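Everything below concerns the one structure shown next.
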Amino acid sequence: MHRIARITLPLTRHNVWSRNLKAQSLRHVSFTRANRNSDTGFVDNIDYEDFGSYRIILPEEPFVFGTAHIKPRSVPPHIKRPYYASTPTGNKPEFRGKIQLGGEEEHRLRESAKLARKVREYAGSLVKVGRTTNEIDEAVHEFILEHGAYPSPLLYQDFPRSCCTSINNVLVHGIPDDHPLEDGDIINIDVTIFKDGYHGDTSQTFLVGNVDEQGKKLVSITNQALNAGIAACGPGKHFRDIGKAIHDLVKDTNYCVSSQFTGHGIGPVFHSQPWILHHKNDEPEIMEPGHCFTIEPCIIQGTNPRGWIFPDGWTASTENCARGAQAEHMVLITPTGAEVLTL
């Protein structure tokens, strides 16, 4: 699950493309560039590009702001909770993205990552036409509890569900609801668990039924971007090498990288330093043994990387409703290299 830079566009009918149409019925052909006449202020022409056939996810009208209307799922009292989900709220542990290698910290971190991978694979097995994301969330919630863990997204800054389900034009942080998945959707399921004091975080974008070639290619290049970022990791390397590797992969393609959402350090704290930028950047920090962090690029069709936030305060859509996909792994820097903990 990303650390989010909360950038919200003005909420207007133009921005959400409602036009008195039902969100579930919209199909998308997106423009990527509007050429505006500097003298008149009017658009002279628009260059159109076909991003494929898929439904566009929009906030329902009338708009409901926030998440207070969504009842969170219950967690048995014997399940250990992270500080933000405790009653009363506990103190945030001191953590800056590095663990002590070779001891109990590393063992617990690895076990949490291993369980997160298992949950991700289970969530993927639930993806099928006609199943609602709320049903997926309920099953994931119970699966995590059965393994003695807590679903980290639940109650994190008022997030009301146990995983994130982001469909088509939704980049990240989609809140599970009662709309069924449709043939041709792509869906990212982002799962994080908390067990024995450590978080494990991973995600993948899955195909629902018969997805068009544009959608398949988007998911493929997203996983290539994740692998490119991982390959740039190792002791003594700069964190900026991750963003450069992803940039170099997509720079000559018809895809772009979201700069609004970052990877993050992870361990006893859900989100911490180091912040992992997936776009080209000049960050000076260097990877050291014991650093553990997520790499989770969001790749978007076309050349517009901007997103905006729904009224619920969480769901992030691409600005022009092009599709986005995301994939995520946890990476641990060791004295000899970098190990992916959620493979």
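Below are the figures for this structure:
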{"item": "Acute angle (nearest 10 degrees) that the helix 133-146 long axis makes with the longest principal axis of the chain, alpha-carbon atoms", "result": "0 degrees"}
{"item": "With Cα atoms, 0 to 90° folded angle of helix 104-125 axis to the chain main axis", "result": "40 degrees"}
{"item": "Value of [θ]222 nm, deg cm²/dmol, for the chain, DSSP H segments ≥ 4, -39500 (n - 2.57) each, nearest 500", "result": "-6500 deg cm²/dmol"}
{"item": "Highest average packing first - 94-101, 274-281, Cβ atoms within 10 Å", "result": "274-281, 94-101"}
{"item": "Partners for K80 among aspartates and glutamates (Cα-Cα distance below 14 Å; same-chain residues under 8 apart left out)", "result": "E146, D196"}
{"item": "Length-normalised contact order of the chain in % [C-alpha pairs under 8 Å, at least 6 apart]", "result": "21 percent"}
{"item": "Around S317: net Lys/Arg minus Asp/Glu count, Cβ-Cβ under 13 Å", "result": "+1"}
{"item": "Cα-based Rg and Dmax for region 70-223, where Dmax is the largest Cα-Cα distance (Å)", "result": "16.3, 50"}
{"item": "Sites matching trypsin sites (Lys or Arg not before Pro) across region 110-197 that sit in DSSP coil, with at most 13 neighbouring C-beta atoms within 10 Å", "result": "K128"}
{"item": "Local electrostatic count at P153 - Lys and Arg +1, Asp and Glu -1, tallied over other residues with Cβ under 12 Å", "result": "-2"}
{"item": "Extended-chain gain in nm, criterion 0.36 nm per residue less alpha-carbon gap, N254 and H147", "result": "34.3 nm"}
{"item": "Residues of the chain: accessible area per residue with a 1.4 Å probe, Å²", "result": "44 Å²"}
{"item": "Total formal charge among the other residues, if their Cβ is under 14 angstrom from that of P235, Lys/Arg +1 and Asp/Glu -1", "result": "-2"}
{"item": "Cα-based Lys pair tally, region 104-340, threshold under 23 Å, eight or more apart or on separate chains", "result": "13"}
{"item": "Accessible carbon and sulfur surface of the chain relative to its total accessible area, %, 1.4 Å", "result": "50 percent"}
{"item": "Coarse-grained scattering of region 66-159 at q = 0.10, 0.14, 0.15, 0.20 Å⁻¹, given as base-10 log I(q)/I(0) from a Debye sum over alpha-carbon atoms", "result": "-0.34, -0.66, -0.75, -1.19"}
{"item": "Acute angle (nearest 10 degrees) that the helix 213-231 long axis makes with the longest principal axis of the chain, alpha-carbon atoms", "result": "40 degrees"}
{"item": "Segment H179-T336, extension gain: residue separation times 0.36 nm, minus the distance between their alpha carbons", "result": "51.8 nm"}
{"item": "As computed over the chain, the Cα convex hull volume per residue (Å³)", "result": "138 Å³"}
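The values are calculated or read from the model by the stated rules, or taken from the named source; none is laboratory data. All figures in this text were calculated on a predicted structure; none of them were measured in a lab. Every residue, glycine as well, gets a Cβ built from its backbone with ideal geometry; the counts of neighbours run over all protein chains shown. All accessible areas refer to the heavy atoms of the entire protein, side chains included, with ligands and DNA or RNA removed. Shrake-Rupley method; radii C 1.70, N 1.55, O 1.52, S 1.80 Å.
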